[in-house]
Amino acid sequence: MLDTGHHSALRAQHAPGVPVSRLVVGRSVDDMAALLPRLFNLCRAAQCAAVEAALGQRVGGAKIGQEILRDHLLKFHVTWPAFFGCPPCRLPADWADGGAELRPAVFGPAGHAPATAADVLAFLDSGLGYAPVLKKIDGCFAKGEAVAEGVPPVSPQTIWADGVFDNSVAVRASGHPAMAAIAERHGRGPLWRAAARLFDIAAVIDGAIPPVATPAPGEAIVPAARGSYGVRLVRDGNTVTAFDRVTPTDHLLAKGGVLDRTLASLPAHKAGLGPLLLDILDPCSPVRLREV
């Protein structure tokens, strides 16, 4: 169960990133493509797709979509209920195919994501689909708590730039009127970030996730379960001579970035909510929260 007693403020500690470039430069293209998924087993489909696209190969979106769907459903059916002392919820048998049982399980009898500001507010109070989980998350945080306001969204033009950017599922869904309503009413905090997964689920079911982008030769940007995943490489024949990658977690953990701002706006007496907050932000590498 969640502990919301009086605590001191939280700071995040995380290990340095893996020196991917040093591990793959000088290897053959095939060795590099085989090594990356073994080094980073989360978002395996997105990573493989990014490498394939950067190499100029054709990439399908089905595996990427299924990976995104799996991660989002795990949050709503298993991980987040556990924070509130609730047992796991049964997954629909046809979830992997985005089948007929999945829509009402997520959205209730209407079978579709809230379309307007009024719709999303009504959905949160409906007790239907995933609304109860979102309502519990919302009940933990007042407006302005655990928010990261003023962080520019990442884009294909800025994904490789130095600086602070928001690279998340919430950014991907931020143009939706319902997401704008949540941001206005609650701030860009835990509810806004958790609810974004509703619209990502709808996009996967509808075959509408963003396509893989190749802004330049050797570059690829791929939608992933936590945001946008980028790869750029140079090769000489079959040998990799330069390699770089950027992940949503790189942006999340950047100094002064979304995680730092979120923790800075979390009241000290709610530090016990840190583990839930971290799970909503969802870094793909180990992060410890310490009290200061």
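When the helix-only estimate is applied to the chain (DSSP H runs of n ≥ 4, each -39,500 (n - 2.57), divided by the residue count), what is the mean residue ellipticity at 222 nm, nearest 500 deg cm²/dmol? Don't skip to the answer; put the middle values down first.
On the way: 14 runs with 119 residues, N = 292.
Rounded to the nearest 500, the figure is -11000 deg cm²/dmol.
Near Lys143, which lysines are there with a Cα under 20 Å away, not counting those fewer than 8 places off in the same chain?
Hits, sequence-local ones excluded: Lys135, Lys270.
Taking amide H atoms as placed 1.01 Å from N in the peptide plane, list the residues 5 or more away in sequence, or in a different chain, whose amide H sits under 5 Å from that of Ala242.
For Ala242, whose amide H was placed from the backbone, the distant partners under 5 Å are Val234.
Which angle between 0 and 90 degrees, to the nearest 10, do you get for helix 190-205 versus the longest principal axis of the chain when only C-alpha atoms count?
60
Taking the range 61-164, which trypsin sites (Lys or Arg not before Pro) meet the DSSP loop condition and have no more than 12 other C-beta atoms within 10 Å?
Working: sites: Lys63, Arg70, Lys75, Arg90, Lys135, Lys136, Lys143; in loops: Arg90, Lys143.
Those that pass, being in a loop and sparsely packed, are Arg90, Lys143.
Roughly speaking, what is the centre-to-centre gap between the range 31-87 and the range 232-271 when only Cα atoms are used, to the nearest Å?
Their Cα centres are 17 Å away from one another.
For Gly227, what residues show an amide H to amide H distance below 5 Å, using hydrogens built from the backbone and excluding near sequence neighbours?
Val169
Quick check: convex hull over the Cα atoms of the range 173-278, volume per residue in Å³, rounded to an integer? All intermediate terms of the calculation are to be shown ahead of the outcome.
Numbers: hull volume 15.0 nm³, N = 106.
Once divided by residue count, the hull of the range 173-278 is 142 Å³.
So if each residue of separation counts as 0.36 nm, and I subtract the Cα-Cα distance between Val25 and Ala208, what length gain in nm does that give? The partial results should precede the final answer.
On the way: separation 183, 0.36 × 183 = 65.88 nm, distance 3.46 nm.
Extra length from Val25 to Ala208 when fully extended: 62.4 nm.
Karplus couplings for the range 80-95 from phi (6.51 cos²θ - 1.76 cosθ + 1.60, θ = phi - 60°), rounded to Hz, Gly and Pro as x?
Calculated HN-Hα couplings, in order: 5, x, 4, 5, 9, x, 9, x, x, 9, 5, 7, x, 4, 9, 4 Hz.
Each value in this text was obtained by applying a stated rule to the coordinates, not by laboratory testing. What you are looking at is a predicted structure, and each value in this text was computed from that prediction instead of being measured. Because the Cβ atoms are built from the backbone with ideal geometry, glycine has one as well, and the counts that use them run over all protein chains shown.
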